[in-house]
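See below for the structure under consideration.
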Amino acid sequence: MRLIQITDCHLGPLQSESLLGLNTDQSLEDVLQLIRENEPDFDLLLCTGDIASAGHLECYKRFSDIVRRYFSQPVGWLPGNHDSSDIMASSSLQSLAEARLMQQGNWLIVLLDSSVPGQVYGQLAASELDFLDNMLSRHPDKHVIVSLHHQLVPVGSAWIDQYIVRNADAFFAVLDAHPHVKLVTWGHVHQEFTSRHKQIALYATPSTCVQFKPHCENFAVDTLMPGYRWFELNEDGSFATGVERVTGKQYVIDYKSAGY
């Protein structure tokens, strides 16, 4: 099974809006075009939050319209700190994307909501942890990916690590009871990252728009290009992964910005 992860699209209510000077509609389309060129036979597309810049209904409809111009494969999404989980779960959007579970063969992807209304940091509500534990208990025969928006371990940049999932220990306690969890993947940090928790692989994925420079005390924008992450998931539970980035483009980005 071939899974493609994109994240942190930051679409504004209008197509003309930008983030730090970058038109986020255009950069999303550039990444989707790259996926179309590189991944002719992928199975599932997953977006791990911050689809919208400020949780407007129009952003989610336009995201779906843009994605569907490129692909017909199943799409999953989950909310980030810039999103509105209520709008994403509304009846008018329920047909656009899977919001809780994605299944393909003997792999199961569990999608969690780590967003906290009005806050930048992440937190998993007791209901989310219960849902996770229940799904893992109900599917002991599946190889499992758990996905959410916020990072669960520090990525090495003080300014963004203050917004980590605050009850990550409770999350990992659930995973430790279920050895069929193979990996966890998230967005939020706008950069590539790899780590481990015991036998479980941990990954962050670049944004489809601006990138954050790794290992910085204060906010800093990287010169790396937008991208996506691919996962090749095998029947025996083994997997491979990598990151691909847009090339041959020149974006107008405010690299001296102190934040957004």
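At-a-glance table
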| item | result |
| --- | --- |
| Subset of the stretch 148-200 (residues that are part of a loop (DSSP other than H, G, I, E, B) and hydroxyl-bearing (Ser, Thr, Tyr)) | Ser157, Tyr163 |
| Subset of the stretch 197-207 (residues that are open to solvent by 10 Å² or more (accessible area, probe 1.4 Å) and more than 19 Å from Ile160 (Cα to Cα)) | His197, Lys198, Gln199 |
| Residue, nearest to Arg2 (Cα to Cα), within the stretch 56-87, restricted to residues that are touching a His at 6+ places or on another chain (Cβ under 8 Å) and open to solvent by less than 10 Å² (accessible area, probe 1.4 Å) | Leu78 |
| Hits in the stretch 1-26 - residues which are in a loop (DSSP other than H, G, I, E, B), over 18 Å from Val75 (Cβ atoms) and open to solvent by 20 Å² or more (accessible area, probe 1.4 Å) | Pro13, Leu14, Gln15, Ser16, Glu17, Leu20, Gly21 |
| Some residue of the stretch 213-225 being acidic (Asp, Glu) and open to solvent by less than 40 Å² (accessible area, probe 1.4 Å) | yes |
| Residue in the stretch 77-86 that is farther than 23 Å from Val184 by Cα, of a type outside the set (D, E, K, R), modelled with pLDDT of 90 or more and out of contact with any Gly (no Cβ under 7 Å at 6 or more places or on another chain) present | no |
| Selection count, the stretch 237-254, where residues are in a loop (DSSP other than H, G, I, E, B) and touching a Gly at 6+ places or on another chain (Cβ under 9 Å) | 5 |
| Neighbours by Cβ (under 9 Å, 6+ apart or cross-chain): first from the stretch 11-30, touching a residue at least 12 places away in the same chain (Cβ under 8 Å); second part of a strand (DSSP E or B) and β-branched (Val, Ile, Thr) | Leu20/Val221; Leu28/Ile6 |
| Qualifying position, being open to solvent by 40 Å² or more (accessible area, probe 1.4 Å) and under 22 Å from Glu128 (Cα atoms), among Glu37, Glu98, Glu29 | Glu98 |
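The values are calculated or read from the model by the stated rules, or taken from the named source; none is laboratory data. Note that the structure is a prediction, hence the values are computed from the model and not measured. Cβ sites come from the backbone with ideal geometry, for glycine too, and all protein chains shown count toward neighbours. Ligands, DNA and RNA are excluded from the accessible area calculation, which covers all protein heavy atoms including side chains. Shrake-Rupley method; radii C 1.70, N 1.55, O 1.52, S 1.80 Å.
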